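This report concerns only the one structure given below.
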Amino acid sequence: MIHDVPTNDWDLELEELFLQTGARFCRVEVRRRMRDYVRGLLGPVGRKNSWQLAEYASHATPHGLQHLLSHSRWDPDGLRDDLQAYLAEQLGQPNGVLILDDTGFVKKGTTSAGVQRQYSGTAGRTENCQIGVFAAYATTRGHALVDRELYLPKSWTGDRERCQAARIPDERTFATKGELARDMILRALASPLPIAWVTADSAYRQDSHFRSFLEDAQLSYVVAVPKSQQVNGPRIDHLIAQAPPEAWQRLSARSGAKGERFYDWAAARLPAVDESDGDEPTCQAPGFVETELAGFLE
């Protein structure tokens, strides 16, 4: 049962955070509903639908939470900015890491914004789903989500009537996932969050402009690439196969559902890339291989 009066340090901190961001909500009732909604998302609720979240918050009906998500007036982008400032104080460190990745949300029907049959890495196959691109911030003090963008396929952005029915703003045009990721990186760099590194998977490395963008922003980065990626001629798997055994070091990424997730790591200096590096190579490319797999990277 959710109480209006905070009962522990966690509740006190959450209540203080919502008080600090109160200006982002048009009415106090909306702020309180958002507080209850967030508590439910973080709480032990089996299915995160409006009925079960309302029951967890001791609401008589789910109508208030449904109205919050569909009709209430509040400033999500302003709330994001407040959250980034808050996390800069709580988690910020000079070597902070911004992590970019997309997630699929399986859906039924055709009316949810951005939904269509498309590949979902979460499901591991093509599904009728929405795709969200997310940014998380991590340091040794903790990690948290700090930004989000909904990916809208061309089947949506090319159909303005469909967009209007889903309440998608007229100014929203098609953008690739890489372009959405770059927008979030620029917003994070303009925020109080101290960022030294950016990480992303191979889906973003395949965007030819993504690496150049990170280098122009003077950000260090680790970006996954497929084993077929060529480095001025040879494929990466052929290049790494030439590394001697002593070049590899086994480290744990972290604990997983089946125990420690061990990877073998090695580093290789890339050949110069004429159009960006000039006469001397300026980058090092770390590669890794999971011990259970026979291939390099993917």
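Tabulated data
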quantity	calculated
Of all accessible heavy-atom area on the chain, the percent that carbon and sulfur account for (1.4 Å)	51 percent
Residues residue 70 and residue 179, FRET efficiency given R0 of 30 Å [Cβ-Cβ distance, rounded to 0.05]	0.60
Scaled radius of gyration (Cα, divided by 2.2 N^0.38 Å) that the chain gives	1.16
Whole-number percent relative contact order across the chain, with pairs defined as alpha carbons under 8 Å at least 6 apart	11 percent
Inter-label distance, nm, simple model (7 Å from Cα along the C-beta direction), residue 218/residue 93	2.3 nm
Rounded accessible area of residue 63 (nearest 10 Å², 1.4 Å probe)	110 Å²
Surface/4 estimate of mean projected area, convex hull on alpha-carbon atoms of the range 8-125, nm²	9.8 nm²
FRET E, pair residue 13, residue 166, Förster distance 22 Å, beta-carbon r, rounded to 0.05	0.05
Exposure of residue 189 as accessible area (Å², to 10), given a probe of 1.4 Å and all protein chains	70 Å²
Selected from 230, 116, 93 as most flexible by GNM, with the chain as the system and alpha-carbon contacts under 10 Å	230
Å³ per residue enclosed by the Cα convex hull of the range 67-112	128 Å³
Calculated over the range 120-207: convex hull of Cα atoms, volume per residue (Å³)	135 Å³
When the range 141-263 is reduced to its Cα atoms, the Kirkwood hydrodynamic radius in Å	18.0 Å
Accessible-area ranking of 213, 262, 25, largest first, probe 1.4 Å	262, 213, 25
At R0 = 30 Å, FRET efficiency that the Cβ-Cβ distance of residue 110 and residue 209 yields, to 0.05	0.40
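The values are calculated or read from the model by the stated rules, or taken from the named source; none is laboratory data. These numbers come from a predicted model, not from an experiment. All Cβ positions, even for glycine, are placed from backbone atoms using ideal geometry, and neighbour counts span all protein chains on display. In case anyone asks, the SASA skips ligands and DNA or RNA and just uses the protein heavy atoms, side chains included. Shrake-Rupley method; radii C 1.70, N 1.55, O 1.52, S 1.80 Å.
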